[in-house]
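The values are calculated or read from the model by the stated rules, or taken from the named source; none is laboratory data. Not measured: the values here are computed from a predicted model. So basically every Cβ, Gly included, is an ideal-geometry build from the backbone, and we count neighbours across all protein chains shown. These accessible areas exclude ligands, DNA and RNA; they are computed on the full protein's heavy atoms, side chains included. Shrake-Rupley method; radii C 1.70, N 1.55, O 1.52, S 1.80 Å.
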Amino acid sequence: MSEQAAVLFDLDGTLVDTAPDLGAAANRMRIERGLPALPLEMLRPVASQGARGLLRVAFQVQPEDPDFAPLRAEFLEIYAAHICERSTLFPGMAKALTTLSERGMAWGVVTNKPGFLTLPLLSALKLPVAPAAIVSGDTTMHAKPDPLPVTRALAEMGASAARSLMIGDDPRDMAAGRGAGTRCWAAAWGYLEAGNDPQHWGADQIIQRSEQLAFALLHFDAPE
């Protein structure tokens, strides 16, 4: 009997629209410092980069700057306290998960988000189908674009890489999936900075809108 096929999702910007809560955490920090809140449109494109991207836009700091570590700690504390106030599944994602369930295919999450944020967020979302694996940014020794998190998720699910699929909104998702041996779909509805074109990610397929994903998964052919 062959191993099963599975579908793995990146979290922020692919499965879940977390930008409103991530942006709100950055803006709370700005307001506390007497700075005006930034429009979400400025913060959304970097939401997949987590604290690194949001702090770069909100405070013009980089990870190598001495102020970065304390700002990151503050950001994560604020975000954790408001983890799922406005975050929601992207349109059509509930249908996509249900479609996988109806096809008898397991699904999982592979994210660079740390586990202390990933698990409460997924719990608060009340997903229509539970994930068969959750691999966070600190679950394994290396995070994406290293293939190790994808390999770990597939192992937990008893799934074959050659029969499985990684979906994400960042080049590191494609790199991790390819390195692990899965096929890769680019989520063009995700958090993309200007100039970050999914056409250049080496994806097997680009899905433009999240509402189109359920139909695409219905026709996903997992070879034996």
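Residues of the range 99-108 that are open to solvent by less than 50 Å² (accessible area, probe 1.4 Å) and assigned to a helix (DSSP H, G or I): THR99, LEU100. Among the residues of the range 117-126, what is the count of those that are of a type outside the set (Lys, Arg) and either under 22 Å from ALA176 (Cα atoms) or part of a loop (DSSP other than H, G, I, E, B) (or both)? Total meeting the criteria: 4. For the range 45-64, the set of residues classified as within 26 Å of ALA176 (Cβ to Cβ) and either among the hydrophobic types (A, V, I, L, M, F, W, C) or in contact with an Asp or Glu (Cβ under 9 Å, 6 or more places away or on another chain) (or both) consists of PRO45, VAL46, ALA47, SER48, GLN49, GLY50, ALA51, GLY53, LEU54, LEU55, VAL57, listed by residue number.
Only one entry of ASP138, ASP65 meets the criterion of being at pLDDT 95 or above and out of contact with any helix residue (DSSP H, G or I) (no Cβ under 8 Å at 6 or more places or on another chain), and that entry is ASP65.
Residue by residue, here is whether (1) among the hydrophobic types (A, V, I, L, M, F, W, C); (2) within 17 Å of THR18 (Cβ to Cβ); (3) open to solvent by less than 10 Å² (accessible area, probe 1.4 Å) holds:
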| site | (1), (2), (3) |
| --- | --- |
| LEU119 | yes, yes, no |
| ILE134 | yes, yes, no |
| GLY137 | no, yes, no |
| VAL150 | yes, no, yes |
| ALA153 | yes, no, yes |
| ASP170 | no, yes, no |
| GLY179 | no, no, no |
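Would it be correct to say that THR111 is β-branched (Val, Ile, Thr) and open to solvent by less than 20 Å² (accessible area, probe 1.4 Å)?
Numbers: β-branched (Val, Ile, Thr): yes; open to solvent by less than 20 Å² (accessible area, probe 1.4 Å): yes.
So THR111 passes the test.
For the range 157-185, the set of residues classified as of a type outside the set (Lys, Arg), within 24 Å of PHE90 (Cβ to Cβ) and part of a helix (DSSP H, G or I) consists of MET157, PRO171, ASP173, MET174, ALA175, ALA176, GLY177, ALA180, listed by residue number.
All conditions but one from (1) in contact (Cβ under 8 Å) with a residue 40 or more places away in the chain; (2) not in a helix (DSSP H, G or I) apply to ALA143; the one that does not is (1). Taken together, LYS126, LYS144 contain a single residue that is of a type in the set (D, E, K, R) and either surrounded by 15 or more Cβ atoms within 10 Å (Cβ to Cβ) or touching a Leu at 6+ places or on another chain (Cβ under 7 Å) (or both), which is LYS144.
In the set (1) in contact (Cβ under 8 Å) with a residue 24 or more places away in the chain; (2) closer than 25 Å to ALA26 by Cα; (3) open to solvent by 50 Å² or more (accessible area, probe 1.4 Å), the condition left unmet by PRO70 is number (1).
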